[in-house]
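Following: one structure in structure tokens, then a few remarks.
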Amino acid sequence: MSPAPRRRSVLLATAAVTAAATAPAGAATPVRHRASGPLVIGHRGAAGWRPEHTAEAYTYAVRAGADWIEPDLVPTKDHVLVVRHENEIGGTTDVAGRPEFADRRTTRTVDGRAVTGWFTEDFTLRELRTLRTVERLPLVRNRNTVFDGRGRVMTFQEVIDLARRLSGESGRRIAVFPETKHPTYFRSIGLPLEEELIRVIRRNRLTARECVVQSFEPSSLHRIAAARLGLPLWQALGTSGSPYGHAVTYKDMMSPAGLREIASYAQWIGPDKSSLVPPHTLLADAHAAGLKVGAYTFRAENQYLPAAHRRGTAPNDFGDAFTEYAFHYGQGVDAVVTDFPDIAVQAREGLRR
């Protein structure tokens, strides 16, 4: 098939989902089928089509057919869990243009790296509520900047409430997939994530069908496991180095022995998709250890695709994302984490047919 028909199929699917996601309440036609095949996880919602971690992004993801939605968790000064990709919010909110908060700009060392900007831990929830969200990658996803200023910072509780409302709307059980961000750092400044996360989970009586907890730091997952919540845990894996504050390397964690160790406290691993391409044997090794595998992060732009799947030379143009999904679905992954859940769902439907 030539590049042009592929491009048209992506755009036609996108137009249909956009109409559903932006229609007035009650007018949308959400996807109602249950997942058959790998789970589709909306990365920060549908970050390819809306500014990430906004109600609009999560709603878009579910109406497009996502099975889970992913909120990254960071705390406020008054220890409320909010959803932002990072605790530094200069690139995801309008805080840099707010003169009343100019004196909050500072430099902090987070996980051993100096970061300058504005940080959630320096704001109360009430103060964060005054900010508005913006697209994190405006040069890559200029189309999303039209939504700048329309959303606000959400709490984790609000994401849970939204997931339950969207479950009722779609007729499908939508799970939340929270990630503890920089847990060692936050514990060091007196704002531990795990205790508050456990309280929210218990308060909402979240079940294993409604919540899966992820982290790159094994110690964070061990704290969640110790609470005996009965929820699946997901060990995220980087491509190099080690989880912050841990001596074990990601390479060691992805060895057969390392996978057996992970299986003693978690049910999933989440490696970068590149770690699953032959000659890597990670997928088969993980399944042999009794672990499910969810690969991250799938995107449609050329710069994020393998060279063979790119179309043209413009890095932000869409390439042949369908072929990449087909490869990983064919290899047997159990889930994909994606900025474009609509395309992932359409690719899954094609595999089923």
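The values are calculated or read from the model by the stated rules, or taken from the named source; none is laboratory data. What you see is a predicted model; the values in this text were computed from it and never measured. Note that we place each Cβ from the backbone using ideal geometry, even for glycine, and neighbour counts take in every protein chain shown. Just so you know, the surface numbers come from the protein's heavy atoms only, side chains and all, with ligands and any DNA or RNA stripped out. Shrake-Rupley method; radii C 1.70, N 1.55, O 1.52, S 1.80 Å.
If the condition is being among the charged types (D, E, K, R) and not in a helix (DSSP H, G or I), then the range 161-180 contributes 172, 173, 179.
To keep it simple, each residue is scored yes or no on (1) within 19 Å of the chain's Cα centre (by Cα); (2) buried (at least 17 other Cβ atoms within 10 Å of the Cβ).
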| position | (1), (2) |
| --- | --- |
| 283 | no, yes |
| 304 | yes, yes |
| 322 | no, yes |
| 330 | no, no |
| 337 | yes, yes |
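Considering 99, 24, 51, 71, the condition of being at pLDDT below 95 and farther than 30 Å from residue 353 by Cα is satisfied by 24 alone. In the range 200-231, the qualifying residues are those that are touching a Pro at 6+ places or on another chain (Cβ under 8 Å) and not in a helix (DSSP H, G or I), and the one that is nearest to residue 161 (Cα to Cα) is 211. Please tell me if residue 261 is in a helix (DSSP H, G or I), free of Cβ contacts under 8 Å to residues at least 60 places away in the same chain and of a type in the set (D, E, K, R). Against the criterion (in a helix (DSSP H, G or I), free of Cβ contacts under 8 Å to residues at least 60 places away in the same chain and of a type in the set (D, E, K, R)), residue 261 qualifies. Taken over the range 246-258, the criterion of being part of a loop (DSSP other than H, G, I, E, B) and surrounded by fewer than 17 Cβ atoms within 10 Å (Cβ to Cβ) is satisfied by 246, 247, 248, 249, 255.
Looking at 140, 153, which is the one that is open to solvent by less than 30 Å² (accessible area, probe 1.4 Å), in a loop (DSSP other than H, G, I, E, B) and touching a His at 6+ places or on another chain (Cβ under 9 Å)?
Working: 140 fails: touching a His at 6+ places or on another chain (Cβ under 9 Å).
After ruling out the rest, the residue left standing is 153.
Any residue at all in the range 91-102 that's of a type in the set (Phe, Trp, Tyr) and not in a loop (DSSP other than H, G, I, E, B)? Steps first, answer last, please.
In the first step, residues of the range 91-102 are kept if they are of a type in the set (Phe, Trp, Tyr); the result is 101.
Applying the additional criterion that residues be not in a loop (DSSP other than H, G, I, E, B) yields 101.
Yes, the conditions are met somewhere in the range 91-102.
The single condition among (1) closer than 24 Å to residue 86 by Cα; (2) among the small types (Gly, Ala, Ser); (3) open to solvent by 30 Å² or more (accessible area, probe 1.4 Å) that residue 238 does not meet is (3).
Tell me which residues, restricted to the range 167-191, are touching a strand residue (DSSP E or B) at 6+ places or on another chain (Cβ under 7 Å), among the hydroxyl-bearing types (Ser, Thr, Tyr) and either more than 19 Å from residue 70 (Cα to Cα) or open to solvent by 20 Å² or more (accessible area, probe 1.4 Å) (or both).
Taking the range 167-191 and keeping what is touching a strand residue (DSSP E or B) at 6+ places or on another chain (Cβ under 7 Å), we get 174-183, 185-186, 191.
If we keep only those that are among the hydroxyl-bearing types (Ser, Thr, Tyr) as well, we get 180, 185.
Of everything in the range 167-191, just one residue is touching a strand residue (DSSP E or B) at 6+ places or on another chain (Cβ under 7 Å), among the hydroxyl-bearing types (Ser, Thr, Tyr) and either more than 19 Å from residue 70 (Cα to Cα) or open to solvent by 20 Å² or more (accessible area, probe 1.4 Å) (or both), namely 185.
Residues that are assigned to a loop (DSSP other than H, G, I, E, B), open to solvent by less than 10 Å² (accessible area, probe 1.4 Å), touching an Asp or Glu at 6+ places or on another chain (Cβ under 9 Å) and aliphatic (A, V, I, L, M) within the range 63-90 comprise 64, 66, listed in sequence order.
Restricting 124, 133, 145, 207 to those that are open to solvent by 30 Å² or more (accessible area, probe 1.4 Å), touching a Gly at 6+ places or on another chain (Cβ under 8 Å) and of a type in the set (Val, Ile, Thr) reduces the list to 207.
Of note, residue 241 satisfies the criterion of being closer than 30 Å to residue 137 by Cβ and outside any helix (DSSP H, G or I). Condition (residue is part of a helix (DSSP H, G or I), touching a strand residue (DSSP E or B) at 6+ places or on another chain (Cβ under 8 Å), open to solvent by 10 Å² or more (accessible area, probe 1.4 Å) and under 24 Å from residue 75 (Cα atoms)) applied to the range 192-199: is it met by at least one residue? The answer is yes; a qualifying residue exists.
If you check 293, 248 for being under 23 Å from residue 342 (Cα atoms), aliphatic (A, V, I, L, M) and touching a residue at least 12 places away in the same chain (Cβ under 8 Å), only one passes: 293.
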